[in-house]
Amino acid sequence: MKITASVTISLATILLRHVAEGFAYIDPSNGSIPGGNKKTEKIENEMQQSAALLPDCDPQLLKEHAQFAYELADAARLEILPYWRQSRHTLGQEIKVEKDRSVFQSASPVTLADRAAERAMRELITERYPQHGVYGEEYGVLREDADWVWVLDPIDGTRSFITGKPLFGTLIACLYKGTPVIGVIDQCILNERWLGLAGQVSTLNGEPIQTDGVVTLNEAEMYSTTPDMFQHGDELNKFDAMRHAVKTPHYGADCYAYALVASGFGADIVVEADLGLYDYCALVPVLQGAGGSISDWNGVELTLQNHEISKGRVLACANAKLHEQALEILSKPGLESSDSLDDPSLTILQDEISSSTFIPSAQTLTPWVGGIIVGDILEQILHHGS
């Protein structure tokens, strides 16, 4: 790639800001957690109990792999930053079409940055751990049956990335025998990096985090990337029931919404569907290590082995009480449409989503900003009266 002067200056500015601010990463080789209080200690005890469920997983090896996950995130940053807020031509945007997916996932953008970042991470994995497996969004699966498998999403939230909105993230997970034991959410523009590690409290830039959610659905702030990720019928009906059960539904944050829940920044729930394995594996250790709950819509653990059963349906909550209440709605078989779907505005939305001829093109995706269709207007339509 030929880097222009403006790109170089932009990259240099970002890197200098990051160096000036500094990264207070926790050292995964150090078992201690900085700071801490009673709630943090409680979470840490729970994490240690959870880690005990993986008795043959070497703790020292786990910490070594966590440090390597940082190296992968650093490598991805170097590939992504030169493309930040560049022209469509520089980004090399393409539309990736996938059959049998939701409206949102059936035609998704991919850029040179996505591919370059994944290539860089895969090369490092192959060099350091040639026996490990790799499961990536852009370049497929290698040695899926290995004990250790790295799951990579170089840019989760490409729609945000191509429109200059810093709510995307690089997702890096390490699975041990199919279970996510390491998770990194890296936001290279905002200089934020979350780490989830089995047996330890999750961190943001090295500082321990904990969820801080409400305990009833009618008080909860809920995120979903877009209503278009739910298939017409049972999925969409259950999502509709959830958005009416919570205080306010919000749209358009991709992986960043899960990080907000884990950090206790005011978000309480994330409900999504039709996710790939690479979309959620890194989120599991981060949420669990912060005291949150994450599963599929039936309460089933999110693992490599369960991916086909879970069908990419993910529920993440700030605490177990919210999780239980949400599962009561999402796990019901054959939920009928609520009365709210008689609303003409929702009928239009339903018709558009269910249309077998509607395939988003680059042009139809243009009004989207990371999954938001003119955000405030959509929220008014979808949550009338709240």
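Every number here is computed from the coordinates shown, using simple stated rules; none is lab data. Everything numeric here is computed off the predicted structure, so don't read it as measured data. Cβ: placed from backbone, ideal geometry, glycine included. Neighbour counts: every protein chain shown.
Tally Lys/Arg at +1 and Asp/Glu at -1 over every other residue whose Cβ is under 12 Å from the Cβ of ALA75; what's the total? Don't skip to the end; give the middle numbers.
Details: positive: ARG77, ARG119, ARG122, ARG128; negative: GLU71, ASP74, GLU79, GLU118, GLU123, GLU127, ASP186.
With Lys, Arg at +1 and Asp, Glu at -1, the net is -3.
If amide hydrogens are placed 1.01 Å from N in the peptide plane, which non-local residues have theirs closer than 5 Å to the one on ALA290?
SER202
If you keep only loop residues by DSSP, which chymotrypsin sites (Phe, Trp or Tyr not before Pro) in region 128-159 have at most 16 other Cβ atoms within 10 Å of their Cβ? Can you show the working numbers first?
Values: sites: TYR135, TYR139, TRP148, TRP150; in loops: TYR139.
Those that pass, being in a loop and sparsely packed, are TYR139.
Test of the criteria: in region 273-335, which GluC sites (Glu not before Pro) are in a DSSP loop and have at most 16 other Cβ atoms within 10 angstrom of their Cβ? Walk me through the numbers on the way to the answer.
Values: sites: GLU301, GLU308, GLU324, GLU328; in loops: GLU301.
Taking region 273-335 and a limit of 16 other Cβ atoms within 10 Å, the loop GluC sites (Glu not before Pro) found are GLU301.
Averaging the inverse of every distinct alpha carbon separation and then flipping it gives the Kirkwood radius. What is it for region 113-163, in angstrom units? Intermediate results must be reported in sequence, preceding the final value.
Working: mean 1/r = 0.0880 Å⁻¹.
Kirkwood hydrodynamic radius for region 113-163: 11.4 Å.
In the structure shown, do any of LYS63/LYS311; LYS96/LYS332; LYS247/LYS321; LYS177/LYS311; LYS96/LYS238; LYS165/LYS321 have a Cα-Cα gap over 23 Å, and if so which? Don't jump to the answer; show the numbers that get you there.
Working: LYS63/LYS311 31 Å; LYS96/LYS332 33 Å; LYS247/LYS321 16 Å; LYS177/LYS311 20 Å; LYS96/LYS238 28 Å; LYS165/LYS321 33 Å.
LYS63/LYS311; LYS96/LYS332; LYS96/LYS238; LYS165/LYS321, as the Cα separations exceed 23 Å there.
Give the long-range amide H neighbours of ASP156: residues separated by 5 or more places, or on another chain, with amide H under 5 Å away, using H modelled in the peptide plane at 1.01 Å from N.
The answer is GLY169, THR170, LEU171.
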